[in-house]
Amino acid sequence: MPGSLEGRYIRLEIISGKNLKVPSWRIPAGIHVSVNLDSSRRWKSTIGILLSDESITWCDSVTLSLDASPTLSVEIRASFELDCMLGNGEVVGKLDTSWDALLDHGNEPFDISFPSVRGVHPSLTLKATVLHNCDNQNSALLDSIVECQIAQDTDAGHERFATYITSKTVSHLNDAVKHFQLVLDQCPVGHPHQAAALTNLAWARLEGYIRNDFQDIDSITSLFREALVLRPQGHPNHPSSIYHLLKALIWRYGKENFTAVYIQECVQLSCKLLPLCPEGTYLHASDEGIRLRRVILELCPLGSAHRPKALDNLAQARAYNIAVKPFLCAPRDHSERDTYLNNLACSLLSRFDHQGNSDDLNEAISLYEEALRLRPVGHKYRAFLIEQPRTRPLDPFQPTW
């Protein structure tokens, strides 16, 4: 490290991240960044909520002493608990770098790219600044990297499980289950990490069931039920526990004859889960969320009392996503931008009808106004656009011109 930097401090800002795909395909509760300074010290950012476009905005920062090692590693990790984490989560990306490399950007934000995960390169936007007036009282309190046994076993389980997902080698799944079982054995009734330990073990075994490597679906669903009991309504991990149990029941339905009792439970769980997933978050608007709603619809035969609610949930999810994706991808000079504006506005009006959120109505009006500017007087579809808000089709999947 250059002598001029010794004894100085650096302010490292974790601004945002994108392309944050989890190697195991498991939906995370959140994502955090870990900065490892040497073999025994590290700093962790706050946990950010993954959005439907697989991005996060953190706007977190830390002040660190430059007396440490000239090299460091930056890790992106997926957390599966929003409250007290069990272990450090699953590694999304890891990059070894140096302070010199971080400071070589003129106090401006810059991107660092990580090795490819599921076909894309995760990246972080950072900013590094040397502080000229700082004392050690302002520096961050760092965590020790020395882990307790249950944290070590949990991290090892996540690593082996992610390897199983990519390699499809059953021995890796068996190793993951072994580690997660060891953790659960160390988390008796009343232990603060028992629900997380139950969930990790059940999730690994469920993936084995899905791939026909495990068969005991009864014990898998029992583990998820135990975790849900430990995470009642109001608990930060209550939505994820509902989702886990719901997914297990749906896969059971897909492989076995389902009774009406389980069908009804799936519908009830879905109706509880969807209002708990905020707009724009990964589970609410992702393909996985839409897939779950479609399955719930299939579980509700014609005439079922739950079918209208299931249809409504699917319509809201699918219509909004179909409309918003091309709109976000189209540049402002795109030849069909007026169509995308119209489709998105129509979807927002449909959602306003269902939820009564005035923000949706205001945004729809703004989008229609922009679309009208792109269809001046004399445009052959201008009249259709003017009439659309009053006479829009009830079917949210019907395309507009």
Exercise for review: Give, in nm to one decimal, the length gained when the segment between SER116 and LYS255 is fully stretched (0.36 nm per residue of separation minus the Cα-Cα distance).
Suggested key: 46.7 nm
Review point. Can you give the accessible area of TYR368, probe radius 1.4 Å, in Å² rounded to 10?
Key: 20
Practice item. Would you pull out the residues with amide H under 5 Å of ARG41's amide H, same chain only if 5 or more places away, H placed 1.01 Å from N? Key: ILE145
Practice item. Give LYS44/LYS127; LYS168/LYS247; LYS44/LYS168; LYS21/LYS247; LYS94/LYS247; LYS18/LYS247 a once-over and call out the pairs whose C-alpha atoms are over 23 Å from each other. Key: LYS44/LYS168; LYS94/LYS247; LYS18/LYS247
Exercise for review: Report relative contact order for region 183-240 in percent, whole number only (criteria: Cα-Cα under 8 Å, sequence separation at least 6).
Suggested key: 30
Study note, to complete from the structure: region 175-233 and region 13-33 have their Cα centres apart by a whole-number Å value of 23
Review point. Sequence-distant or interchain residues sharing an amide H contact under 5 Å with LEU103, placed H: which?
Key: none
Check your understanding: Rank LEU103, LEU269 by accessible area, highest first, at a 1.4 Å probe radius?
Key -> LEU103, LEU269
Review point. Can you pull the accessible area of THR166 for me, 1.4 Å probe, Å² to the nearest 10?
Key: 100
Point to revise | Theoretical gain in end-to-end length, HIS235 to SER73 [0.36 nm per residue, Cα-Cα removed] | key: 55.0 nm
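The values are calculated or read from the model by the stated rules, or taken from the named source; none is laboratory data. Keep in mind that what you see is a predicted model, and the values were worked out from it rather than measured. Quick note on the areas: whole protein, heavy atoms, side chains included, nothing else; ligands and nucleic acids left out. Shrake-Rupley method; radii C 1.70, N 1.55, O 1.52, S 1.80 Å.
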